[in-house]
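Every read-out reported here was derived from the displayed coordinates using simple, explicitly stated rules and does not represent laboratory data. The shown structure was predicted, so the numbers you read here are calculated from the model rather than taken from an experiment. Don't worry about glycine lacking a Cβ; one is built from the backbone with ideal geometry, like all the others, and counts go over all protein chains shown.
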Amino acid sequence: MDMCVCVCVFGPSHLRLTRSGASSVFSHIRHTHAIMKHHCAIKHSIFKEFLAEFLGTFVLVLFGCGSVAQTVLSRNTLGEPLTVHIGFSTGLMMGVYVSGGVSGGHLNPAVSLAMVILGKLKIWKFPIYVAAQMLGAFVGAAAVFGLYYDAFMDFTSGILSVTGINATGHIFASYPGRHLSVLGGFVDQVVGTGMLVLCILAIVDGRNIGAPKGVEPLAVGLILLGISVSMGLNCGYPLNPARDLGPRLFTAAAGWGMEVFSTADYWWWIPVAGPLVGGIVGAVIYFLLIELHHSNHNDKPHEEPEEEEDEEEDDDSSLKDKYEMINMG
């Protein structure tokens, strides 16, 4: 009984001390956070946008190339083409969620170039965005390699190659199918990226149906999912110079060598040039066929309101006449 009394007496006091200590800790954390935010927060917007594009592209590549690595290194026991499509779509969606409120969530030089063409991004920001995207993709590829390093060594016996039974270069960058010509690959990238940019412009167009606020990244992810299941046969829908070239540069430095550039008749430039052209084509098509023709209420002639006022006056007079006729009856 005495023990129970002691416990009952000690319990609330101990809880008060614990709560007091926790409150002090949280107060200290908030104070530290405020100090860091005051002294360490970046003030210039372009640096914020650089970091956002870097981190967003990192997320895209980590999810996307990570899903390919899991599929290949497990010899298709823990993945398949659909899981790769979902991985890249989820990576793009989450990358846009991470960076969209700061930089717009381009994560793709082709998208950034399209925004420059449409006047939605200042041209001097374009190389900064591209540098952030390239660096984010490079670091994302390095993270995938580090995450699965042991699996890579077991799968390849330490020999990293682009071709052959145990090839792993395609985990990070795109390579063409045997049936694909250079021209066919270029057209593939122009069409695929053009559709990506065109649909993104439709989603963010405030004078079109668009997407509800906060749901835009989900819609962008669904665009990539649609492209992946309909246009992925030829070369795996890279559609993004940074997402392809950044990891390719990493593989060249990490042990795969210059074979990553020379394979398939120097294919590497196709997923760089093709998407840039496709981004411009998609932006121009959307502008000429949709955005250019949005009605602008400010462009209405001044005579129309007067005509409407005359019609309203006529309606008012007719109502008065009817009212008088009813009274007379």
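With a cut-off of 19 Å, note down the residues of the stretch 43-64 whose backbone N falls inside the zone around a label point 7 Å from the Cα of Leu147 toward its beta carbon.
Counting backbone N atoms under 19 Å from the label point, the list is 53-64.
How much of the pair distance distribution for the stretch 36-114 lies past 22 Å, counting alpha-carbon pairs only, in percent?
I get 37 percent for the Cα pairs in the stretch 36-114 exceeding 22 Å.
How much FRET efficiency would the formula 1/(1 + (r/R0)^6) give for Lys43 and Arg178, where r is the Cβ-Cβ distance and R0 is 45 Å, rounded to 0.05?
On the way: r = 53 Å, r/R0 = 1.17.
With a Förster radius of 45 Å, E is 0.30.
Report the calculated FRET efficiency for Phe287 and Leu233 (r = Cβ-Cβ distance, R0 = 25 Å), to the nearest 0.05.
Details: r = 30 Å, r/R0 = 1.19.
Efficiency, rounded to the nearest 0.05: 0.25.
Loop only per DSSP, at most 11 neighbouring Cβ atoms within 10 Å: give me the trypsin sites (Lys or Arg not before Pro) in the stretch 110-144, ordered by residue number. The partial results should precede the final answer.
Working: sites: Lys120, Lys122, Lys125; in loops: Lys120, Lys122.
Counting only loop positions with at most 11 other Cβ atoms within 10 Å, the trypsin sites (Lys or Arg not before Pro) in the stretch 110-144 are Lys122.
Using the beta-carbon distance between Asn166 and Asp265 and R0 = 30 Å, what value does 1/(1 + (r/R0)^6) give for FRET efficiency, to the nearest 0.05? Intermediate values should be presented prior to the final figure.
Numbers: r = 23 Å, r/R0 = 0.75.
Approximately 0.85, to the nearest 0.05.
For the stretch 71-158, what does the equivalent ellipsoid look like in terms of its semi-axes, each the square root of 5 times an eigenvalue of the Cα gyration tensor, given largest first in whole Å? Don't jump to the answer; show the numbers that get you there.
On the way: eigenvalues 211, 46, 20 Å².
Values for the stretch 71-158, descending: 32, 15, 10 Å.
Return the Cα extents of the stretch 213-255 along principal axes one, two and three, sorted largest first, each rounded to a whole Å.
42, 26, 13
Give me the Kirkwood hydrodynamic radius of the stretch 138-224, using the inverse of the mean 1/r over all pairs of distinct Cα atoms, in Å to one decimal. Spell out each step's value before the answer.
Numbers: mean 1/r = 0.0610 Å⁻¹.
16.4 Å is the Kirkwood radius here.
Take every Cα-Cα distance within the stretch 139-291, group them into 10 Å bins from 0 onward, and report for each bin the whole-number percent of pairs it holds.
So the P(r) values, bin by bin, are 11, 34, 31, 17, 6, 1.
Could you pull out the pairs from Lys43/Lys125; Lys48/Lys125; Lys122/Lys213 whose alpha carbons sit more than 18 Å apart here? Please report the intermediate quantities before stating the final value.
Numbers: Lys43/Lys125 16 Å; Lys48/Lys125 12 Å; Lys122/Lys213 24 Å.
Checking Cα-Cα distances, Lys122/Lys213 exceed 18 Å.
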